[in-house]
Each structure stands twice: as structure tokens, then as C-alpha cells.
Amino acid sequence: MARMSKKTKEMQQSVKMAECIWNAGIYARLSVDSHDRKNESIDSQIEIAKEYIQKSENIVLTECYTDLGKTGTNFEREGFEEMMADVRRHKINCVIVKDFSRFGRNYIETGNYMEKIFPFFNVRFISVSDCYDSHRTQGDNDILAVNLKNIVNELYAKDCAEKVRTIKKSKMEQGCYVGGIPSYGYFARWINGKKVLFPEEGASDVVRNIYRLFDEGKRIREIIFWLYEQHVHRPSDYKRVGHVHSKEGELLKQWSDQTIRTILTNPVYIGTLVQIRVGDKIYRNGDRHNIEPDEVITVEHTHEPIISEDLFYRVSSKIEEKREIELQKKKLSKDTLPEDIYKDLLYCGECGSKLRRTCGSNRKSYQVSVRTYSYGCPNIQRIDALKCDNHFMSFHAINRIVLETLRKEFDLSGVRMKTLVDFNREQARQKEKSEEKRKRAIQARIQDVDIEMSSIYIQYRSGRIDKEAFLNLKVSKETEKRNMIKELSKLETDMEHMRKEAEEMNYFIRCLWKGKDSARLDRQTVCCLVKRITVYKDRRVEILFNFSKGQIEQCRREACGK
């Protein structure tokens with residue numbers, strides 16, 4: 001059979017492409033930088049793409065995807081992710097953008113989509129202003145031009161980010177407020193091109209009273225009571241309703257301890273601005289990092305203070321002393337505090353909140369004291385409309401109910417202990433057998449990859465593939481091998497955990513059946529058997545298990561071979 005020339009193949013491909021109907025998705029993005037090409041609104045980008053579609057005979061508009069106020073340095077955007085979901089569902093097979101910079105400003109990721117992802121899904125990519133069409137034959141010069149444009153777009157974004165950081169740093173050093181919503185008690189106003197904080201009438205008086213009460217010896221809990229009696233809205237509710245004191249018909253919620261502590265330790269109230277120099281993220285959405293001392297800019301006397309410096313530092317000293325005492329108490333009790341086996345499993349039947357464990361000390365004599373633990377709803381101590389009427393319940397009471405209910409569930413099933421234990425062990429053995437099969441398959445694939453890598457090297461040495469192809473294949477195979485080794489290691493860990501879990505479960509089942517006192521619940525066993533425990537104020541308890549009576553009955557039938 002005669003070989004087909006390259007030119008003939010391209011002609012046939014062009015004819016085939018002309019006959020194909022392309023379901024197009026228009027993608028438009030406007031940067032977070034409001035000065036970035038102001039004339040390029042979302043609507044104008046879409047109109048440019050629509051005009052291109054009208055001039056094309058075989059392209060049909062299917063959907064428009066937009067991202068407003070999203071940076072192009074990463075692809076974690078709602079509109080973009082929606083478009084890619086439609087690509088994977090084959091709803092669209094053509095993507096049209098106004099230019100490359102609207103698609104993205106990350107050179108590596110943009111190239112990855114254009115050269116690998118879109119070709120894999122047979123998606124046609126068109127950039128109107130750049131005169132680029134992925135289904136049009138590209139020469140070496142065209143490919144070079146595209147790569148250069150993507151590099152320039154990324155450098156532009158990086159340069160803008162650096163300029164913004166420099167400008168923000170300069171403004172911070174000049175004492176300009178560059179944050180968002182100011183701290184409670186202040187509002188921001190632009191004065192001669194500088195954002196300055198001013199005390200807010202009403203809210204600033206609340207801040208003064210909080211400092212005064214704490215300085216007079218009031219505890220934070222007592223301050224929260226005082227604020228509630230004065231009908232003062234929390235800062236979050238104040239921002240929403242726009243007034244300090246609650247009006248008739250408005251829901252009044254109590255302040256939190258942390259909000260009071262934040263106000264009592266914020267130097268903004270003495271006219272000092274403490275701002276982060278570089279922010280919590282770096283260019284291209286880098287990982288969050290701890291703020292170092294040299295990243296903080298502190299400028300004093302930038303705005304009118306609400307309280308005096310003497311009062312602020314006096315209050316700060318008292319808070320620090322109390323914090324040290326609390327830390328010492330926690331450190332002493334931490335060593336002897338037993339594990340909370342019902343953590344995140346107990347819920348209030350009245351308000352739905354998670355129950356919180358509390359510790360008490362029962363003094364038996366002048367030398368001996370016994371720790372007691374109980375669970376209660378965190379909303380019991382609230383003083384607002386969200387106050388819960390539930391009561392505390394002791395750990396021993398909950399533990400006794402869970403154990404008795406578990407025994408009753410198994411007794412009612414009529415299944416013999418040995419039968420269920422043997423069945424449980426057999427189930428674990430079957431799972432282990434399945435995992436062993438996976439393990440052998442991975443090991444065989446690792447050996448195949450080693451052989452393939454040797455074959456690739458031989459082809460390279462014999463001149464059948466060039467160096468670039470060899471290096472690409474080598475990197476691909478090495479990555480695949482590393483991933484399989486990680487998967488193999490995880491599989492072995494999971495198998496060991498599975499065996500251990502099965503034996504621990506069997507031990508617990510034996511203890512339940514024999515009714516021994518040694519059938520003590522631990523965290524792992526509780527999580528395996530119990531899904532949720534709901535406690536009501538009449539001391540009624542509902543337990544939702546991770547198994548059902550039907551599952552126990554099925555287990556009994558299968559174990560007995562019926």
C-alpha cells in the first residue's frame with residue numbers, strides 16, 4: 001500500500017475539519033486589577049468572540065463562561081472550572097477567548113492546556129486577537145510567537161503583583177490604612193489620597209466601656225453579660241444592621257470570649273496601625289506561611305485613639321498574666337486527661353450542637369479527689385435567644401447506655417459469638433486477599449516499567465528516538481514508577497491496619513457477649529460501631545450505629561452458610 005504524503009494528510013484533515021460542526025464555549029475573564037485594560041469588559045470580550053463565530057460557517061455558540069475579578073495567574077476559577085466540566089462531558093469541543101491573557105497568565109499552565117489537555121479532548125482552541133487557531137497548521141514561527149506571548153503575559157502579571165506590593169508597603173510605612181473593613185469602633189475615610197481611620201460614634205463608646213470594665217476587675221464573662229443587658233449588637237451583627245443597640249424585633253446574640261479578647265489586645269485603639277507587609281500569600285497563589293517579625297509594619301499615631309496608652313498596656317498586662325495561669329493549668333491537667341472517646345459523636349437533641357466534655361473534681365477526703373467527666377451543650381451557658389435548655393449527662397451514664405444497647409443489639413440477632421467472630425475474621429481475610437492481588441499487580445507493573453525504561457534507553461542509543469523524546473519518556477516513566485511505589489507503600493499500611501482492626505473488633509465482640517467488665521470502650525471501637533449519639537433534655541438517648549439489625553442478620557445467615 002502506497003504511503004500518503006504529509007501534504008495529502010493535511011488536505012484531508014482540513015476537509016474533515018471543514019465538515020465538522022464545532023460547539024463553542026466563549027470564555028471571558030476580567031482581572032482583579034481594575035486598571036488592567038479598563039476598556040476590556042466582560043461584555044466586550046464576549047462580543048468580539050461572537051463576531052468571530054458569526055463569520056465562521058461551522059462554529060455554533062453553545063455557552064458563555066465568565067470570571068469577574070479573578071486573577072489569571074492560576075486556573076482555580078469558577079467559570080473556568082465549569083467550562084472544563086463541559087469539555088469533559090463533551091458538551092463543547094471548541095474554546096474561544098479574546099486573547100491569550102484572558103485565558104491565563106501562567107505560561108506553564110497555559111501551554112499545558114494548549115498542547116496537552118485540549119488536544120487530548122479533541123478541543124479546538126481559538127484566540128481571536130492573536131489570530132491563533134489550534135486546528136490551523138502552525139509553523140515554527142507561529143508556535144514561537146504563541147510561547148513568547150504567554151511568557152510576556154506571565155511576566156506582566158508578575159510585574160503588576162510586585163508593583164502592587166511595593167505601593168502597599170509604601171502606603172503602610174506612611175501610616176495609610178490598606179485593609180478592608182476596619183476594626184470595631186472605627187470607620188475609614190480617604191483624606192488627601194490617604195485612607196485614615198476615625199472613631200465611630202456609638203461603637204467607640206462600647207470599646208471604651210469594655211476596657212473600663214476589664215480594668216475595674218470584671219471578668220470577660222461578666223463583660224459579655226453587661227453587653228447583653230445593654231442590648232449591644234455583636235460586631236458582625238453591627239456591620240449587618242448598621243446600629244449599635246438592638247431594636248425591637250431584632251435577634252440579639254451574645255458576644256464571644258474571643259471577640260472581647262481581640263478588642264482588649266488590639267493596638268489600633270491607641271492609634272497604632274499594625275499591618276502585614278507581604279500578605280498571607282505570594283505571587284501565583286503560593287502556600288500560606290507564618291508571618292515573620294520583619295513582615296509586620298507598625299506605625300504609631302496614625303489616627304485618633306479611642307483609649308489611652310496607659311489603660312491599654314495595663315489591660316494587656318492583666319490579660320497576659322491570666323493567659324500564663326491558664327496555660328499552666330492546661331499543662332498540668334494535659335498529662336492526666338484521658339482520651340475523649342465520644343468526641344464529635346455526641347449531639348444535643350434540642351439545638352443540634354455538638355456536646356462538649358467538662359471535667360469536675362469530687363473531693364473524697366482532704367487528701368483524695370476524683371475527676372468526674374460529663375457532657376453538656378455549649379449553648380447551656382448562653383444568655384441570648386440561642387440558649388439551650390438541655391442538661392449535663394455524665395460520662396459513665398452515656399458509657400453504660402452505649403454498652404447495654406450494643407449487647408442488646410447483638411443478643412436480639414440470635415447469632416452465636418463464635419460464628420460472628422469467625423465470619424468477621426473471614427471477611428478480613430477476603431479483603432486481605434483482594435488487596436494482595438492488587439499488590440501483586442502493582443509490583444508486576446513496576447517491573448514492566450523498569451523493562452520499558454531499559455527499552456527506551458536502547459532505542460535512544462541506537463538512534464531510533466532523539467534526545468528530547470528520550471528525556472520526556474524517561475521523566476514520564478520515572479514519575480509513574482514513583483507513584484506506584486507510593487501506592488504500594490500505602491497499600492501495605494492499609495493491609496496492616498485492616499488486620500489489626502479486625503482482631504480488635506473480634507476482641508470487643510467476645511467481651512460484649514461474655515458481659516465482662518473488661519469490655520471497656522475505646523476511641524477506635526466507638527468510632528467503628530457508633531455513628532451518632534443524640535442526648536435530649538429528658539435524659540433520653542438515641543444511638544445511631546454504623547450497622548443495622550438487618551446487617552447483623554445477614555452476617556448471621558452468611559456465617560452459618562444459610
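The values are calculated or read from the model by the stated rules, or taken from the named source; none is laboratory data. This one's a predicted model, so the numbers in the text were calculated from it and none came from an experiment. Please note: Cβ atoms are built from the backbone with ideal geometry, for glycine as well, and neighbour counts cover all protein chains shown.
Listing for the model above:
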quantity: Any hit, the stretch 406-428, residues being modelled with pLDDT of 80 or more and among the charged types (D, E, K, R); calculated: no
quantity: Single unsatisfied condition, Arg356 versus (1) touching a strand residue (DSSP E or B) at 6+ places or on another chain (Cβ under 7 Å); (2) at pLDDT below 85; (3) of a type outside the set (A, V, I, L, M); calculated: (2)
quantity: Leading residue by the ranking (modelled with the highest pLDDT) among those in the stretch 278-312 that are under 30 Å from Arg208 (Cβ atoms) and hydroxyl-bearing (Ser, Thr, Tyr); calculated: Ser308
quantity: From Thr71, Thr110, Thr66, residue being in a helix (DSSP H, G or I) and buried (at least 20 other Cβ atoms within 10 Å of the Cβ); calculated: Thr110
quantity: Index of the failed condition, Thr534 passing every other in (1) of a type outside the set (A, V, I, L, M); (2) modelled with pLDDT of 75 or more; (3) touching an Asp or Glu at 6+ places or on another chain (Cβ under 8 Å); (4) part of a helix (DSSP H, G or I); calculated: (4)
quantity: Conditions (1) modelled with pLDDT under 80; (2) in contact with a strand residue (DSSP E or B) (Cβ under 7 Å, 6 or more places away or on another chain): number failed by Asp140; calculated: (2)
quantity: Top-ranked residue of the stretch 466-490 - restricted to ones that are loosely packed, with under 15 Cβ neighbours inside 10 Å and of a type in the set (A, V, I, L, M), ranked as modelled with the highest pLDDT; calculated: Ile485
quantity: Residue check, Glu115 out of contact with any Lys or Arg (no Cβ under 9 Å at 6 or more places or on another chain), acidic (Asp, Glu), surrounded by fewer than 19 Cβ atoms within 10 Å (Cβ to Cβ) and assigned to a helix (DSSP H, G or I); calculated: yes
quantity: Residue list for the stretch 224-272, restricted to those being surrounded by 16 or more Cβ atoms within 10 Å (Cβ to Cβ) and among the small types (Gly, Ala, Ser); calculated: Ser246, Gly271
quantity: Number of positions in the stretch 472-505 that are closer than 16 Å to Asp450 by Cβ and of a type in the set (A, V, I, L, M); calculated: 5
quantity: Filter result (of a type outside the set (Asp, Glu) and surrounded by fewer than 20 Cβ atoms within 10 Å (Cβ to Cβ)) within the stretch 205-219; calculated: Arg208, Asn209, Arg212, Leu213, Gly217, Lys218, Arg219
